[in-house]
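Asker: Before I ask anything, let me first share the structure, which is written out below as structure tokens.
Computed from the coordinates by the stated procedures, all read-outs in this text should not be read as laboratory data. These numbers were taken from a predicted model, which means no experiment stands behind them. In this analysis, Cβ positions are derived from the backbone assuming ideal geometry, glycine residues included, and neighbour counts consider all displayed protein chains.
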Amino acid sequence: MQNVQFWGESVRLLVELAATAAFALSGILMGARTRLDAVGVAVVGFLAAFGGGTLRDLLLDQRPFFWVQHVEMLWGVLGLCVLAMVFLRQQHVGLTERAIQWPDAFGLGLFTATGVHQALLLQMPALVAVLMGLITGVFGGVLRDVVCNQIPTAFRDHRPYALCAFAGGWLYVGLWHLQVPGWLALVACVLVTAGLRALALWRNWQLPMWKF
């Protein structure tokens, strides 16, 4: 049995919770920035938080969905929506695009790790596992942006996004085969994925645009 195979249920749940909270916050900020009403902001927060993991569970034929199995996540996101909206109204925080990008980068790293992990537990091929990590990390943000009538960030800002998840996913797979401790594989995947995205934002790295 590979040591990386199990993080322990409590660690896995904490990672899912942190990833869900990070993406929920990015969705709340996006909804508020586009001036949706309170219900709209909450819906965008829920879509960002649960969209990627739900698609992962659908593709891997996992039932119940992760947020059905852990209903406390639903209550947590609902509470976060209420608290964030109250805070934003009282403090009049400037909702810049950069403010949305940082929790999004953190959630990208965490959700990528959980997606790869879940696929490897089901003995999926390496490429499938990496793609499951990419889908888990990216799809919630895609839903968030589409609902807010934006071209998804993953496609429009030309700074590496999905590529960061792809690189972090392959790192996780490599550590899996090297049988390193589970916590190290988790930390490495999150640091590489979120770190690359943060560097891309900080250094303004640009992928070449399509030219006709």
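Asker: Kirkwood Rh over Cα pairs of the range 25-67 into Stokes-Einstein at 4 °C, 1.567 mPa s: D in µm²/s?
Answerer: This corresponds to a translational diffusion coefficient of 118 µm²/s.
Asker: A follow-up question, please. So, by mean Cβ neighbours within 10 angstrom, what's the order for 20-29, 36-45, 186-195 with the highest one leading?
Answerer: 20-29, 186-195, 36-45
Asker: Rounded to whole Å and ordered largest first, report the semi-axes of the equivalent ellipsoid of the range 38-162 derived from its Cα gyration tensor (root of 5λ).
Answerer: After scaling each eigenvalue by five and taking roots: 27, 18, 11 Å.
Asker: Right, another one. At Leu184 and Trp210, where each label point lies 7 Å from the Cα along Cα→Cβ, what is the point-to-point distance in nanometres?
Answerer: If labels sit at Leu184 and Trp210, their model points lie 4.2 nm apart.
Asker: Leu88 versus Thr34, label points 7 Å from Cα toward the beta carbon: distance in nm?
Answerer: Calculated label separation equals 1.2 nm.
Asker: Here's something else I'd like to know. Specify the longest stretch of the chain that does not include any exposed loop site, a site being one of the trypsin sites (Lys or Arg not before Pro) with a non-H, G, I, E, B DSSP assignment and at most 16 other Cβ atoms within 10 Å.
Answerer: It runs 36-210.
Asker: Would you calculate the volume per residue, in Å³, of the smallest convex hull containing every Cα atom of the chain?
Answerer: Convex hull of Cα atoms, per residue: 127 Å³.
Asker: Given the convex hull over the Cα atoms of the range 145-196, what projected area results after averaging over all orientations, in nm²?
Answerer: Averaging across all directions leaves 4.1 nm² for the Cα convex hull.
Asker: Another one. Run the simple label-point estimate for Val128 and Thr96 please: 7 Å along Cα→C-beta, distance reported in nm.
Answerer: 4.4 nm
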